[in-house]
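Participant: Please read through the structure below; I'll follow up with questions.
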Amino acid sequence: MEIPRPKYITFDCYGTLIRMQFPEMARKFYSDQLGTEQLEAFGSDWSGYRLDEVLGGWKPYSEVLSDSLERCCRKWGLEFQPEQAVELYEAVPTWGPHPDVPGGLSKIGDKIPLVILSNAMDEQIPHNVAKLGAPFYAVYTAEQAQAYKPRYQAFEYMFDQLGCDPKDIMHVSSSFRYDQNSATDLGIGTRVFVGRGHEPSNPFYRSVEIPHIGCLPALVGL
């Protein structure tokens, strides 16, 4: 399909660009209590609780992680240890990109402004962005917007800051639940789904699908 070159390419950060390590943290915390299949199921439940925690009013991401982990532990009959939630929150800024990200972004960053809209805290995300290997025009967080994706308020904050129409944006994400559904409903011009494997594809809520960020430059003629 022919895709017009956007004014901005906007990205989800964690999961799409940065490799999230929630499964590794779950194994670290609970592998002595849960088997392999149970850990996978626990991770799926925890993912759902994290989403549920961001659908209401804004609160610090440390509370999102702590509250979601506590609820998941309660469901699984595990003892919740607050210090593990602190360890998790402090680990997030150390996470690095998927291997395909720096090379793909480096071919675009000096030609089209790159923007991040992330469910992050201001103190966390600069450490992750520094590992991405490309310059970013702007980085917007849930803390700034006082709302987490998938809430419209988060996206509307970005539109206001950029001073552009949603149709002028290409939004790139590996999540329908957090990004693509809202991006479609808000009229973002092009929605690119990155098939990282943690969510199934949905052709009704994306314009095009790519397997990794290395394919992105070709979409915009670079």
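The values are calculated or read from the model by the stated rules, or taken from the named source; none is laboratory data. Keep in mind the model is a prediction, meaning the values are calculated, not measured. Reconstructed Cβ throughout: ideal geometry from the backbone, glycine too, with neighbour counts over all protein chains shown.
Participant: Could you pull out the residue among 91, 130, 138, 142 that is modelled with pLDDT of 95 or more, under 15 Å from the mean Cα position of the chain (by Cα) and on the phi < 0 side of the Ramachandran plot? Quick ask: steps written out before the conclusion?
Facilitator: Working: 91 fails: under 15 Å from the mean Cα position of the chain (by Cα); 130 fails: under 15 Å from the mean Cα position of the chain (by Cα); 138 fails: under 15 Å from the mean Cα position of the chain (by Cα).
None of the others qualify; the one that does is 142.
Participant: While we're looking at this one, here's another question. Return only the number of the condition from (1) in the same structural domain as residue 173 (by TED's automatic domain parsing); (2) more than 17 Å from residue 14 (Cβ to Cβ); (3) crowded, with 20+ Cβ neighbours inside 10 Å that residue 117 does not satisfy.
Facilitator: Status for residue 117: all satisfied but (2).
Participant: Report the residue count in region 182-198 for those that are under 17 Å from the mean Cα position of the chain (by Cα) and surrounded by fewer than 19 Cβ atoms within 10 Å (Cβ to Cβ).
Facilitator: Adding up the residues that qualify gives 5.
Participant: Of everything in region 146-181 that's among the small types (Gly, Ala, Ser) and either modelled with pLDDT under 95 or touching a helix residue (DSSP H, G or I) at 6+ places or on another chain (Cβ under 6 Å) (or both), which residue is nearest to residue 220 (Cα to Cα)? Working first, answer last.
Facilitator: In the first step, residues of region 146-181 are kept if they are among the small types (Gly, Ala, Ser); the result is 147, 154, 163, 173-175.
Still in the running and either modelled with pLDDT under 95 or touching a helix residue (DSSP H, G or I) at 6+ places or on another chain (Cβ under 6 Å) (or both): 147, 154, 173.
Working: 147: 30, 154: 25, 173: 16 Å.
Among them, the one singled out is 173.
Participant: What's the number of the only condition in (1) more than 23 Å from residue 101 (Cα to Cα); (2) surrounded by 21 or more Cβ atoms within 10 Å (Cβ to Cβ); (3) touching a residue at least 60 places away in the same chain (Cβ under 8 Å) that residue 179 fails to meet?
Facilitator: Only one criterion is unmet by residue 179, namely (1).
Participant: Would you call residue 149 of a type in the set (Lys, Arg) and over 15 Å from residue 16 (Cα atoms)?
Facilitator: Spelling it out, it is not the case that residue 149 is of a type in the set (Lys, Arg) and over 15 Å from residue 16 (Cα atoms).
Participant: Can you say whether residue 51 is in a helix (DSSP H, G or I), among the hydrophobic types (A, V, I, L, M, F, W, C) and under 15 Å from residue 142 (Cβ atoms), as far as the supplied structure shows? Let's see the steps before the verdict.
Facilitator: On the way: in a helix (DSSP H, G or I): yes; among the hydrophobic types (A, V, I, L, M, F, W, C): yes; under 15 Å from residue 142 (Cβ atoms): yes.
For residue 51, the condition - in a helix (DSSP H, G or I), among the hydrophobic types (A, V, I, L, M, F, W, C) and under 15 Å from residue 142 (Cβ atoms) - is met.
Participant: Further question on the same structure: Can you confirm whether residue 202 is assigned by TED's automatic domain parsing to the domain that holds residue 108 and surrounded by fewer than 17 Cβ atoms within 10 Å (Cβ to Cβ)? Break it down into steps so the answer makes sense when it comes.
Facilitator: On the way: assigned by TED's automatic domain parsing to the domain that holds residue 108: yes; surrounded by fewer than 17 Cβ atoms within 10 Å (Cβ to Cβ): yes.
It is true that residue 202 is assigned by TED's automatic domain parsing to the domain that holds residue 108 and surrounded by fewer than 17 Cβ atoms within 10 Å (Cβ to Cβ).
Participant: Considering region 30-48 alone, what residues qualify as being outside any helix (DSSP H, G or I) and surrounded by 16 or more Cβ atoms within 10 Å (Cβ to Cβ)?
Facilitator: Narrowing region 30-48 to residues outside any helix (DSSP H, G or I): 31-35.
Once the filter is applied, which keeps residues that are outside any helix (DSSP H, G or I) and surrounded by 16 or more Cβ atoms within 10 Å (Cβ to Cβ), region 30-48 yields only 34.
Participant: Another question, then. Need the failing condition index for residue 215 against (1) within 24 Å of residue 64 (Cβ to Cβ); (2) assigned to a helix (DSSP H, G or I); (3) of a type outside the set (Asp, Glu), just the number.
Facilitator: With (1) within 24 Å of residue 64 (Cβ to Cβ); (2) assigned to a helix (DSSP H, G or I); (3) of a type outside the set (Asp, Glu) applied to residue 215, the lone miss is (1).
Participant: Another one. Can you find, within region 52-68, the residue that is surrounded by the fewest Cβ atoms within 10 Å (Cβ to Cβ) among those that are charged (D, E, K, R) and under 16 Å from the mean Cα position of the chain (by Cα)? Step through it out loud before you land on a result.
Facilitator: Restricting attention to region 52-68, the residues satisfying the condition of being charged (D, E, K, R) are 52-53, 59, 63, 67.
If we keep only those that are under 16 Å from the mean Cα position of the chain (by Cα) too, we end up with 52-53.
Working: 52: 13, 53: 19.
Applying the filter and picking the extreme gives 52.
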